[in-house]
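Enquirer: Pasting a structure below so you can have a look.
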Amino acid sequence: RGLGTGPGQRRAIPTAAIVIWWTLPMRSLRPICCSIALLAISCLASRPAQATERQWRLGVDGTYAMAGLPETTTAGLGGGAHLTYGLTDAFNLRANADVTALPLPAPATLAWMWNTTVGAEYVFDILRWVPTVGLLAGPVGLYRQGDGQVIVDSHDVYLGLEIPLGLGYQIMPEFTVGAEGRYRMLLVGSDVGPINYLSGHLRAEYVWGQ
């Protein structure tokens, strides 16, 4: 006989699951299994996010960033905004603008890095979860504040290339929240080679359009 699904076997399945569950180490595997189960249930119970063409998204974000400047590697805080427009269900046009304050070693005081980039991003529409990846380019400025004596203020502008990788969650049709990581390389304008910049962002978006 082939494998059946009689009443006895149906009763055995949950019984075996309970036995396996209670044999898992309490402080190691059980919390992980609970998290996976809750995430699966929330994804199955949620409705599609329905990212569409001709849809606008305007967002603001808070930033924590690390930059490898010629004089030092430093980290600081900042913020910005972004705007996207849906060309198709899968591709968006996108524009970013942000500024970050980066402490510098004495006798300098602070560096302000501003960024305005434009490009495109690809959208993976998975229920309410919306992963994105993009490629953007544009001018990036670096303003260094000196101490007014040994080091004077300076302002340099570079050509920057940026790769954002994000994950959004649609709370309601008009509002999403999410997190994003960005890698930025300042290519042209530096006489000491490329400058690398890595940042993490928490963001909120307002959505409108079709």
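Enquirer: Hey, does the range 100-115 have a residue that's without any contact (Cβ under 8 Å) to a residue 40 or more places away in the chain, surrounded by fewer than 15 Cβ atoms within 10 Å (Cβ to Cβ) and among the β-branched types (Val, Ile, Thr)?
Expert: No, the conditions are met nowhere in the range 100-115.
Enquirer: Something else about it: Filter the range 88-112 down to residues that are in a loop (DSSP other than H, G, I, E, B), more than 18 Å from the chain's Cα centre (by Cα) and of a type in the set (A, V, I, L, M) and give me whichever is modelled with the highest pLDDT.
Expert: Quick first cut of the range 88-112, residues in a loop (DSSP other than H, G, I, E, B) only: 88-90, 104-109.
Adding the requirement that they be more than 18 Å from the chain's Cα centre (by Cα) leaves 88-89, 104-109.
Now drop any that are not of a type in the set (A, V, I, L, M), which leaves 104, 106, 108.
On the way: Leu104: 88, Ala106: 78, Ala108: 76.
Of everything passing the filter in the range 88-112, Leu104 is modelled with the highest pLDDT.
Enquirer: Among the residues of the range 122-174, which ones are closer than 16 Å to Gly86 by Cα, among the hydrophobic types (A, V, I, L, M, F, W, C) and assigned to a strand (DSSP E or B)?
Expert: Hits for the range 122-174 are Val123, Val130, Val133, Leu135, Leu136.
Enquirer: State the number of residues belonging to the range 88-99 that are of a type in the set (A, V, I, L, M), open to solvent by 70 Å² or more (accessible area, probe 1.4 Å) and over 18 Å from Arg203 (Cα atoms).
Expert: Residues of the range 88-99 of a type in the set (A, V, I, L, M): 90, 93, 95, 97, 99.
When the remaining residues are screened for being open to solvent by 70 Å² or more (accessible area, probe 1.4 Å), the result is 93.
From what is left, the residues that are over 18 Å from Arg203 (Cα atoms) are none.
Qualifying residue count for the region: 0.
Enquirer: Here are the criteria: (1) within 17 Å of Glu205 (Cβ to Cβ); (2) open to solvent by less than 20 Å² (accessible area, probe 1.4 Å); (3) at pLDDT 95 or above. Tell me which single one Ala49 does not satisfy.
Expert: Unmet for Ala49, out of (1) within 17 Å of Glu205 (Cβ to Cβ); (2) open to solvent by less than 20 Å² (accessible area, probe 1.4 Å); (3) at pLDDT 95 or above: (3).
Enquirer: I've got another one for you. Residues being without any contact (Cβ under 8 Å) to a residue 60 or more places away in the chain, of a type in the set (D, E, K, R) and open to solvent by 30 Å² or more (accessible area, probe 1.4 Å): count how many of those fall in the range 116-128.
Expert: 0
Enquirer: In the range 71-87, which residue that is open to solvent by 70 Å² or more (accessible area, probe 1.4 Å) and under 16 Å from Ala101 (Cα atoms) is modelled with the highest pLDDT?
Expert: Narrowing the range 71-87 to residues open to solvent by 70 Å² or more (accessible area, probe 1.4 Å): 71, 73, 77, 87.
Those still in the list that are under 16 Å from Ala101 (Cα atoms) too: 71, 73, 77.
Working: Glu71: 80, Thr73: 92, Leu77: 97.
By that ranking, first place goes to Leu77.
The values are calculated or read from the model by the stated rules, or taken from the named source; none is laboratory data. Keep in mind that what you see is a predicted model, and the values were worked out from it rather than measured. Glycine gets a Cβ as well: all are built from the backbone with ideal geometry, and neighbour counts include every protein chain shown. Each accessible area value is taken on the protein alone, full model and side chains, heavy atoms only, with ligands, DNA and RNA left out. Shrake-Rupley method; radii C 1.70, N 1.55, O 1.52, S 1.80 Å.
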